[in-house]
Amino acid sequence: MELYREDQTDAGPLPAMAYASMTLPGVSRGPHEHAWQTDRFCFFGPSDFMIVLWDNRTNSPTFNHRMKLIVGQSAPSQITVPNGVVHGYRNIGAESGLILNLPDQLYRGPCKGAEVDEIRHEQDPDSPFHLND
C-alpha cells in the first residue's frame, strides 16, 4: 500500500509528521476530536479494527451522523479524519495490529511547546459515540 504521494493527494492538508502504533486485541483508542488537526490513518493488520466516526461539525451537512467501518487485515485502508470529526477505534482481532498516522499538525506544536489539540469524549454522557453499539 502506498501511504502517501503528494501527486495523488487531495487539495486538503498535507502531513506534518508520521507515527506508528501497535494496538493489542480488545484495546480501544479514543474517542476524541481535534480542533485543527486532520488525521490520515493507515490500518494494516494483522488484526481487524472497528473505527467509529461521528461528525461533530455543526456547519457540516453530515452533522451528528455516525459511521462504523471494519478495516485492517480484511481491508487495508487509509482513512482521512477531518478536524471536528470524533473518532476512535478498537482492535477486534486476535493479534496486535499496526496503525500508521500522518497528521497535518505537529503533536504539541513546534518543539512540543503547545497544548495538545484533543477534545476527549470518553466520559461525555451525551456523546452518541459507542464502540459496542
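The values are calculated or read from the model by the stated rules, or taken from the named source; none is laboratory data. Because the structure is a prediction, the values reported are computed rather than measured. Reconstructed Cβ throughout: ideal geometry from the backbone, glycine too, with neighbour counts over all protein chains shown.
Here's the yes/no breakdown for (1) more than 22 Å from H34 (Cβ to Cβ); (2) among the charged types (D, E, K, R):
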{"position": "R66", "(1), (2)": "no, yes"}
{"position": "L69", "(1), (2)": "no, no"}
{"position": "Q73", "(1), (2)": "yes, no"}
{"position": "P76", "(1), (2)": "yes, no"}
{"position": "V81", "(1), (2)": "no, no"}
{"position": "Y89", "(1), (2)": "no, no"}
{"position": "I92", "(1), (2)": "yes, no"}
{"position": "N101", "(1), (2)": "no, no"}
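Take region 53-87 and flag every residue that is closer than 19 Å to L14 by Cβ and outside any loop (DSSP other than H, G, I, E, B).
Quick first cut of region 53-87, residues closer than 19 Å to L14 by Cβ only: 78-85.
Passing the criteria: Q78, I79, T80, V81, V85.
Considering only residues that are at pLDDT 90 or above and farther than 15 Å from G84 by Cα, look in region 110-133 and name the one that is surrounded by the most Cβ atoms within 10 Å (Cβ to Cβ).
Among them, the one singled out is A114.
Mind checking which residues of region 21-46 are within 21 Å of I70 (Cβ to Cβ) and charged (D, E, K, R)?
Of region 21-46, the ones within 21 Å of I70 (Cβ to Cβ) are 21-32, 39-46.
Within region 21-46, R29, D39, R40 meet the criteria.
Condition check ((1) without any contact (Cβ under 8 Å) to a residue 12 or more places away in the chain; (2) surrounded by 14 or more Cβ atoms within 10 Å (Cβ to Cβ); (3) among the aromatic types (F, W, Y)) across all residues:
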| site | (1), (2), (3) |
| --- | --- |
| P31 | no, yes, no |
| L69 | no, yes, no |
| S74 | no, no, no |
| Y89 | no, yes, yes |
| P103 | no, yes, no |
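Do we find a residue being over 26 Å from D124 (Cβ atoms), at pLDDT 90 or above and within 15 Å of the chain's Cα centre (by Cα) anywhere in region 4-18?
yes
Testing G93 on (1) of a type in the set (G, A, S); (2) over 14 Å from the mean Cα position of the chain (by Cα); (3) surrounded by 15 or more Cβ atoms within 10 Å (Cβ to Cβ); (4) within 19 Å of D117 (Cβ to Cβ), one condition comes back false. Which one is that?
Of everything listed in (1) of a type in the set (G, A, S); (2) over 14 Å from the mean Cα position of the chain (by Cα); (3) surrounded by 15 or more Cβ atoms within 10 Å (Cβ to Cβ); (4) within 19 Å of D117 (Cβ to Cβ), G93 misses just condition (4).
For region 86-106, how many residues meet the condition of being within 14 Å of M67 (Cβ to Cβ) and in contact with a Phe, Trp or Tyr (Cβ under 7 Å, 6 or more places away or on another chain)? Quick ask: steps written out before the conclusion?
So the first thing to find is which residues in region 86-106 are within 14 Å of M67 (Cβ to Cβ), and the list is 86-89.
Now narrow it down to the ones that are in contact with a Phe, Trp or Tyr (Cβ under 7 Å, 6 or more places away or on another chain): 86, 88-89.
So the answer is 3.
Mind listing whichever residues of region 33-52 are closer than 25 Å to L106 by Cβ and in a loop (DSSP other than H, G, I, E, B)?
If the condition is that a residue be closer than 25 Å to L106 by Cβ and in a loop (DSSP other than H, G, I, E, B), then H34, A35, W36, Q37, T38 are the ones that fit.
Considering T23, T62, which residue is surrounded by 12 or more Cβ atoms within 10 Å (Cβ to Cβ), under 15 Å from the mean Cα position of the chain (by Cα) and of a type in the set (S, T, N, Q)?
Numbers: T62 fails: under 15 Å from the mean Cα position of the chain (by Cα).
Only one candidate passes the filter, namely T23.
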